[in-house]
Structure formats: C-alpha cells, structure tokens
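First up is the structure itself, then whatever we jot down about it.
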Amino acid sequence: MQSLRHYFYTVLEEQDGGLPGKILNSTLLILIVSNVLIVVFESEKNFVHQFYDQLLIFEMITLAFFGTEYLLRLWIVPEHPKYQHKNALKMRLRYMATPMAIIDLLAVLPLLLGFFFTDNLLILRIVRLLRGFKITRYSHSMSLLMMVLRREAGTLSSTFFILGTLIVLTATGIYLVEGDIQPDRFGSIPKALWWATVTLTTVGYGDVVPVTTAGRIFGGLIAVLGITMAALPAGILASGFSTELNRRRDLYRYHVARFLDEGDMKLSALKKLNETRNELGISKTDAQLIMFELKQEVRINSEVVCPHCHQAFHISHPPGVIKVMRND
C-alpha cells in the first residue's frame, strides 16, 4: 500500500508515472477545460434544454473523477516531504486548508450544494466555474503566474493602494469642479467615483464627461496620469515573470553544474535532471542550451600518468573520459 501511495504521489503531485500517469493527468486536464466551456454554454437556456441528459451524465462523470482525485490527494499527503514524520490526522487537516486543496474540494461541492440550492442555479454555476483554477496543477504557465503573484503580492498591494487613493482624490477634485454644474453626475464624491475610475484606468466610456473648461483641463491631466498608473501593475508582473524565469534557469543551471562537477552524467543523473526540468518548467531547448554552455565552461583537473614514459602530469579537460595518445 505504501508503494502504491508513493506511485499516486508521483502521478498527481510530480506529474510523472509513465504512460498511465500521463493518461490520468491528461484526462483530468480535459475535464477541467470541458467544465469551464460547459459552464459558459449553459448560460444559453436553449443549450441546457437540448442537452440536459448529456450534461447530467457529464456532471456525474466529472464529480466521480474529481471526487476520487480529492480522496487520493488526501491519502497521499504523508508522501509530501513537508508533511512527513507528523501526525497523519493533523497533516491531512493542514493540507485541507491549503488553497489548492480548497479548490479541489470546491470542484466536488456542486452536487452537494444542489440539494440545498435547487432554485438558485447561479450559485452552482459560479462554484462549478471555480474548477477552472485546478488547471494550475497541470499548466506550468499558470503555476508560474501564481508564483509571480505570490512573490509580488506586497508590491502589487502597494500599487493598488496608491491607485485607490488617486481615484478618491480624483473624484474629490471633479466634485469640486463640476459638482454644481452637473449635480446628478458629480453632485457627490461617491457619484464621481465612477468617472474617476474609468478615467484613471484609461478606459473612458464617455457616458459621464466634464462640460466646463476647468473640468476638461482637470480630466485631461488625470487621463495622462492614468496612463502611467495603469502601466504600473503590468510592469511589476512583467518584471516578476522575468525574475522568476531567470531564477528557475539559474536553479537548473546549478543542478547541471553539480552533476558535471561530480563527473556523474549517467542515465540516473539525466533522469533526475529531466525531473528537475519538468518541475521548474524549463523547455527542452533551454535545458539543452544550458547543458551545452556548462560543458564548455566546466573543466576538470585530472592527474594523468603517461602510458609510454610513465610520467605523471595534470591536465584540464571537459567532463568525460580522456585518452593520452602518443604523437610520433
């Protein structure tokens, strides 16, 4: 049972496990994408009436897969390195409180909620739509995005706080300038918040506009300011993506260099490097380039005895077997 549990840990958490593991993970990925698409199409009432029976069968199949997956993930918790050597009940309860475990639970809740919210299909649709977040387990791009968001959470929070403060100040300014002229639209700061938001974010719907000269000058200045403010979150995320990608490449480079220094590039070492590459989301092309660069950089100092004159000397060479040949 322990070896079986370790196998499922390899399949579900490490995205490995050979062909059966690939089939299982691909099936779960297809179910996640299909569920999101079906929730979108279910907003059309004719679609629901026409395919009601097929949708019900698909929902049962989905819940069976996701329910089994959730139970398996609870079962394999002791295989996680950070949960080992701890009380089984405590480590499973701790795992159930993690964000991804909560998303896994929400994926199987719609059937249970259906008994309590039979008249409110909107709640069920929203909960089912949360299944889309499960794709972060199977997509390196989504996992990279979540990693960047976690790392840049503090910086992004500061940016949004500044943006929120500017929105309030902008609403206050347009209220002072246009409040008496357009009391129905700018007669109070809460009323002016809509215009301030769409202007600072450079959306500019045009449904509410200043009519006085002072109001238009103020609006123009705010629009220019909004261009710089709206670009800040995008710049932070772009910088975060670049930093995280470089960090992962450097980490993979470290692992490759360690094996090269040890002179251990056997099949087992290559397999470990491939697992590391998959875990870090490094492409095969980047991995091959890193390997090639390090093979050119890393050199080993070896003591060699000449088979002809039996004289010992040191030679610097790339990792691998060297041959000393006589040059007559």
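Quick grid of which residues meet (1) loosely packed, with under 14 Cβ neighbours inside 10 Å; (2) of a type in the set (A, V, I, L, M); (3) out of contact with any helix residue (DSSP H, G or I) (no Cβ under 7 Å at 6 or more places or on another chain); (4) modelled with pLDDT of 85 or more:
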position	(1), (2), (3), (4)
99	yes, no, yes, no
104	no, no, no, no
134	no, no, no, no
147	no, yes, no, no
156	no, yes, no, yes
159	no, no, no, yes
163	no, yes, no, yes
170	no, no, no, yes
173	no, no, no, yes
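Beta carbons closer than 7 Å, at least 6 apart along the sequence or on distinct chains, pair a first residue in segment 208-237 that is within 20 Å of residue 160 (Cα to Cα) with a second that is acidic (Asp, Glu) for 236/152; 237/152. Considering 243, 212, the condition of being of a type in the set (Ser, Thr, Tyr) and over 30 Å from residue 173 (Cβ atoms) is satisfied by 243 alone. There is no residue in segment 260-268 that is within 23 Å of residue 143 (Cα to Cα), of a type in the set (Asp, Glu), loosely packed, with under 14 Cβ neighbours inside 10 Å and out of contact with any Lys or Arg (no Cβ under 6 Å at 6 or more places or on another chain). Entry remark, segment 188-208: residues being modelled with pLDDT under 90 and more than 22 Å from residue 159 (Cα to Cα) number 4 in total.
Of all residues in segment 240-268, those satisfying the criterion of being at pLDDT 75 or above and of a type in the set (Gly, Ala, Ser) are 240, 242, 257. Considering segment 290-316, the residues that are surrounded by 13 or more Cβ atoms within 10 Å (Cβ to Cβ), part of a helix (DSSP H, G or I) and not charged (D, E, K, R) include one that is modelled with the highest pLDDT, namely 290.
Among residues of segment 156-171 that are assigned by TED's automatic domain parsing to the domain that holds residue 183, those with a Cβ under 7 angstrom from a residue that is surrounded by 13 or more Cβ atoms within 10 Å (Cβ to Cβ) and among the small types (Gly, Ala, Ser), sequence gap 6+ or separate chain, pair up as 167/196; 170/196; 171/192; 171/196. Determine whether residue 11 is assigned to a helix (DSSP H, G or I), in contact (Cβ under 8 Å) with a residue 24 or more places away in the chain and either over 22 Å from residue 107 (Cβ atoms) or within 26 Å of the chain's Cα centre (by Cα) (or both). Considered against the rule, which asks whether it is assigned to a helix (DSSP H, G or I), in contact (Cβ under 8 Å) with a residue 24 or more places away in the chain and either over 22 Å from residue 107 (Cβ atoms) or within 26 Å of the chain's Cα centre (by Cα) (or both), residue 11 comes out as no. Does segment 229-242 contain at least one residue that is closer than 30 Å to residue 179 by Cα and surrounded by 13 or more Cβ atoms within 10 Å (Cβ to Cβ)? Scanning segment 229-242 turns up at least one residue that is closer than 30 Å to residue 179 by Cα and surrounded by 13 or more Cβ atoms within 10 Å (Cβ to Cβ).
Taking the conditions exactly as written (touching a helix residue (DSSP H, G or I) at 6+ places or on another chain (Cβ under 7 Å) and either modelled with pLDDT of 80 or more or under 30 Å from residue 199 (Cα atoms) (or both)), does residue 235 satisfy them or not? For residue 235, the condition - touching a helix residue (DSSP H, G or I) at 6+ places or on another chain (Cβ under 7 Å) and either modelled with pLDDT of 80 or more or under 30 Å from residue 199 (Cα atoms) (or both) - is not met. One residue is enough: does segment 36-56 have a residue meeting the conditions surrounded by 13 or more Cβ atoms within 10 Å (Cβ to Cβ), touching a residue at least 40 places away in the same chain (Cβ under 8 Å), within 26 Å of residue 80 (Cβ to Cβ) and not assigned by TED's automatic domain parsing to the domain that holds residue 280? Within segment 36-56, not a single residue is surrounded by 13 or more Cβ atoms within 10 Å (Cβ to Cβ), touching a residue at least 40 places away in the same chain (Cβ under 8 Å), within 26 Å of residue 80 (Cβ to Cβ) and not assigned by TED's automatic domain parsing to the domain that holds residue 280.
Applying the condition of being touching a residue at least 12 places away in the same chain (Cβ under 8 Å) and in a helix (DSSP H, G or I) to segment 178-189 and asking which residue is nearest to residue 216 (Cα to Cα) yields 178. Of 94, 73, all but one fail to be surrounded by 15 or more Cβ atoms within 10 Å (Cβ to Cβ) and touching a residue at least 12 places away in the same chain (Cβ under 8 Å); the exception is 73.
The values are calculated or read from the model by the stated rules, or taken from the named source; none is laboratory data. Computed from a predicted structure; not experimentally measured. Every residue, glycine among them, receives a Cβ derived from its backbone with ideal geometry; neighbour counts consider all protein chains shown.
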